[in-house]
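Take a look at the structure set out below.
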Amino acid sequence: MSDLLRTPLFPLYQQYEGVRCIDFGGWELPVQFSGIQKEHEAVRERAGLFDVSHMGEFTVQGEQAEAFLQQMTTNDITALVPGQAQYTLMCYPDGGVVDDLLVYKLEEQHYMLVVNASNIDKDWAWLVEHLAPGVSMTNDSEQTALLALQGPLSVDILTKVTDIDVATIGPFRFVQNAKVCGVKLLLSRTGYTGEDGFELYVAADQAATVWNGLMHAGEAHGLVPAGLGARDTLRFEAKLPLYGQELSPTISPLEAGVGMFVKLNSGPFIGHDVLSQQKNDGPARKLVGIEVLERGIPRPHYLLYADGIQIGEVTTGTQSPTLKRNLGLALIDSKYAALGTPLEIEIRGKKLKAEVVKTPFHKRTRTPKTPTQGADQA
């Protein structure tokens, strides 16, 4: 796998005996360190530390930066204040998704975009193609490492290695130039696991210092390094979409169930007209949760049937590590999306009984918010 890209933290992987790396979109990344089930449970009950440095970071600034991003993304950029982040999407004119991403407002007319690793080149080209006068962009992906500390004990662990009162950072809020383990970085209360947690954007050459410092601080709290396998099962249980599965150029945000991040009243953006029509008419397909009622695990692209006809396919599926049930997310004909609708799923040539079930499959128990906190992700 010598031709694969590696993150700045790759040399540290070897200190973990159970680590297993795979090719993930051209990157050599750990699918697990000690076991997916163990890492999944640690994040749900205590904390896990992820290396997600393969993600891309772009800086967008200039006197027209806000107007440019308002045209390029589906959420309302004008609602952001400095120190606030936002989940959003970029769409094609036909409503399909270029990528889903986070936008951080660093200061007026100065933003950081965080994009999916497999889409870095495509996203950059798409933005450059539409670049407007008064806007400049830089691709900081190679110089930036990203660590994700996730789980209910993440506040306790971080508190040991920073002088910032991290408990008062609201969801989708961030602090620039925070000092963690003696290193200045951007500290954000965001994540992709369905649990409380933080993401740390740090200069690539200082990432190892932060990783080692967090692992040491978290030792007494049961912190474990976690890989891509647990990251996927955790986000799946929380019904957080993965680009290439729940989102794609042929799947719109409304079909994928993230229509709350499409602000049709905030002004025109690329794909606006098609998505407006889709909202008025109702999307023909809908992302739903399914459970296989017989012995069988749903996997991506397994076909689903109702009334004797094919109605869609699984986008993600597994045996839920938390619930021990064979669950999936599936994009199906909207006529069959009601809870409790009986379905059939084809697994290895056999059609097994399944049904539409409620999502998300897992919701964390939230602690009471402090007055400075708020649900800013919309």
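The values are calculated or read from the model by the stated rules, or taken from the named source; none is laboratory data. None of these values were measured; they are calculated from a predicted model. We place every Cβ from the backbone using ideal geometry, glycine too, and count neighbours over all the protein chains shown. Accessible surface areas use protein heavy atoms only, side chains included; no ligands, DNA or RNA. Shrake-Rupley method; radii C 1.70, N 1.55, O 1.52, S 1.80 Å.
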Given the DSSP H assignment, sum -39500 (n - 2.57) over each helix run of at least 4 residues in the chain and divide by its residue total; what's the result at 222 nm in deg cm²/dmol, nearest 500? -5000 deg cm²/dmol
With a 1.4 Å probe and all protein chains left in place, how much accessible area per residue does segment 212-299 have, in Å²? 42
Among the listed pairs 122/279; 105/279; 122/286; 122/160, which have their C-alpha atoms separated by more than 32 angstrom in this model? 122/160
Quick one: how many Å² of residue 313 are accessible to a 1.4 Å probe, rounded to 10? 70
Hey, got the dipole for segment 1-63? About the Cα centre, +1 on K and R Cβ, -1 on D and E Cβ, debye to the nearest 20? 240
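Please give the direction-averaged projected area of the C-alpha convex hull for segment 80-135, in square nanometres with one decimal.
4.3
Report, in debye and to the nearest 20, how large the dipole of the chain comes out about its Cα centre when Lys and Arg carry +1 and Asp and Glu carry -1 on their Cβ.
1340
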Within the accessible area of the chain (1.4 Å probe), percent carbon and sulfur: 51
Projecting each Cα onto the charge dipole of the chain (Lys/Arg +1, Asp/Glu -1 at the beta carbon, about the Cα centre), which of 321, 210, 98 comes out farthest on the positive side? 321
If packing is taken as the mean number of other Cβ atoms within 10 Å per residue, what is the order of 282-291, 129-138, highest first? 282-291, 129-138
Report the relative contact order of the chain, percent, no decimals, based on alpha-carbon pairs under 8 angstrom and at least 6 residues apart. 19
Given points 7 Å out from each Cα along the Cα-Cβ axis, report the residue 339 to residue 279 separation in nanometres with one decimal. 2.5
Alpha-carbon centroid distance for the pair segment 59-119 / segment 229-289, whole angstrom: 16
So for R0 = 56 Å, FRET eff. of residue 163-residue 250 from the Cβ-Cβ r, to 0.05, ends up at 0.70
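Where only protein heavy atoms count, and the probe is 1.4 Å, what is the accessible area per residue for segment 73-199 in Å²?
So segment 73-199 comes to 35 Å² accessible per residue, rounded to a whole number.
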Cα-Cα P(r), segment 37-114, percent of pairs per 5 Å interval: 3, 14, 21, 19, 13, 12, 9, 6, 3, 0
Applying the gyration tensor rule to the Cα atoms of segment 216-299 (axes a ≥ b ≥ c; rounded if a/c under 1.5, else prolate if a/b exceeds b/c, else oblate), the class is oblate
In whole Hz, what ³J(HN,Hα) sequence does segment 185-200 give by Karplus (6.51, -1.76, 1.60; θ = phi - 60°), x for Gly and Pro? 7, 9, 10, 10, 8, 9, x, 9, 10, x, 10, 4, x, 9, 10, 10
Please calculate the 1.4 Å probe accessible area of residue 44, with all protein chains present, and give it to the nearest 10 Å². 30
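Give me D for segment 229-378 in µm² s⁻¹, whole number, from Stokes-Einstein with Rh from the Kirkwood sum over alpha-carbon pairs, 4 °C and 1.567 mPa s.
It comes out at roughly 78 µm²/s.
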Full-extension gain in nm, residue 219 to residue 297, via 0.36 nm per residue minus C-alpha separation: 24.6 nm
Most mobile listed residue (25, 151, 83) in the chain, GNM with C-alpha springs under 10 Å: 25
The chain: Kirkwood hydrodynamic radius (Cα pairs, Å) comes out at 21.5
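What ranking of 105, 363, 351 comes out by heavy-atom accessible area, probe 1.4 Å, highest first?
Greatest to least solvent exposure: 363, 351, 105.
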